[in-house]
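K.L.:
Below are the structure tokens for one structure; questions will follow.
Just so it is clear, none of the values below were taken in a lab; they were calculated from the coordinates. Everything quoted here is computed from the prediction, not taken from an experiment. Neighbour counts run over all protein chains shown; Cβ positions are idealised from the backbone, glycine included.
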Amino acid sequence: MIKFKRTAHQEKHFLTLPFLILLLTGYSKIEHHTNHNQKNMSKIQYKNPEGLFDPTPFAFSHSAIASGNGNYVFISGQSGGEGPEHSLSGDFRVQVKTALQNLVNVLKASGLTTDHVLKITILIVDHDQEKLTIWTEEMQKVWKNHPFPASTLIPVPRLALDGMLVEVDAIAFKPL
């Protein structure tokens, strides 16, 4: 058996080493925690790159970026059906207003506003220029002076229920 003989000087360094490791590990964790808190600062950006047309008059942005810690909220298609009975007006504008209000209600139930919406998809039955104009006008009223989300409009021949003329779904980001 080999015996190691330690001097008092070596023993002092031997005990100092674990203390130094603990100190450095603690410092590393504090530094990491600080960086982690900085990453918690969530941010949503809307971008309309130069060289592409300005989509703002048409009530959308080319892209939306969410960064930081948070939760994505996926909102099912909201129709223009009013109330628990889902009453559908035959008027396209009324259905658009109702669909947007239904979307706002779902956002509110999740603690969100239109400011948190990154992307919407709009389905319009028998889409034409007049319907696009109505959609744009009503979208601008709801979003007011806020940046518009990224958007895709899909003309469709029919939606889930007879009489549905519009449906809009959304993806939102809720910062922590």
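K.L.:
On full extension of the chain, what length is gained from D54 through L176, given 0.36 nm per residue of separation minus the C-alpha to C-alpha distance?
P.N.:
Details: separation 122, 0.36 × 122 = 43.92 nm, distance 3.14 nm.
Result: 40.8 nm gained on full extension.
K.L.:
Continuing with this model, one more query. Taking the mean number of other Cβ atoms within 10 Å as a proxy for protection, how do you rank 61-70, 45-54 from highest to lowest? Don't jump to the answer; show the numbers that get you there.
P.N.:
Details: 61-70: 15.6, 45-54: 10.0.
Listed from highest to lowest mean packing, they are 61-70, 45-54.
K.L.:
Also, quick follow-up: Compute the Cα gyration tensor for the stretch 47-94, then decide on rounded, prolate or oblate, letting a ≥ b ≥ c be the square roots of its eigenvalues: rounded whenever a/c is under 1.5, prolate when a/b is larger than b/c in the other cases, and oblate in all that remain.
P.N.:
Working: a/c = 5.76, a/b = 1.53, b/c = 3.76.
It comes out oblate by the Cα gyration axes.
K.L.:
Determine which residues of the stretch 120-140 fall in the zone a paramagnetic label at L161 would reach in this model, i.e. backbone nitrogen under 11 Å from the point 7 Å along Cα→Cβ.
P.N.:
Nothing falls inside the zone, counting backbone N under 11 Å.
K.L.:
Could you tell me what percent of the DSSP beta bridges with both partners in the stretch 38-176 are antiparallel, to the nearest 5? Intermediate values should be presented prior to the final figure.
P.N.:
Details: 21 of 29 bridges.
For the stretch 38-176, the DSSP antiparallel bridge percentage is about 70.
K.L.:
By a straight-distance test (C-alpha under 16 Å), which aspartates and glutamates pair with K43 as possible cross-link partners, with residues fewer than eight away in the same chain excluded?
P.N.:
Result set, ordered by chain and number: D115.
K.L.:
Could you pull out the pairs from K47/K97; K119/K141; K131/K174; K47/K131; K47/K108 whose alpha carbons sit more than 22 Å apart here? Could you put the intermediate results ahead of the total?
P.N.:
Values: K47/K97 26 Å; K119/K141 17 Å; K131/K174 31 Å; K47/K131 26 Å; K47/K108 25 Å.
Cα-Cα > 22 Å for K47/K97; K131/K174; K47/K131; K47/K108; rest within.
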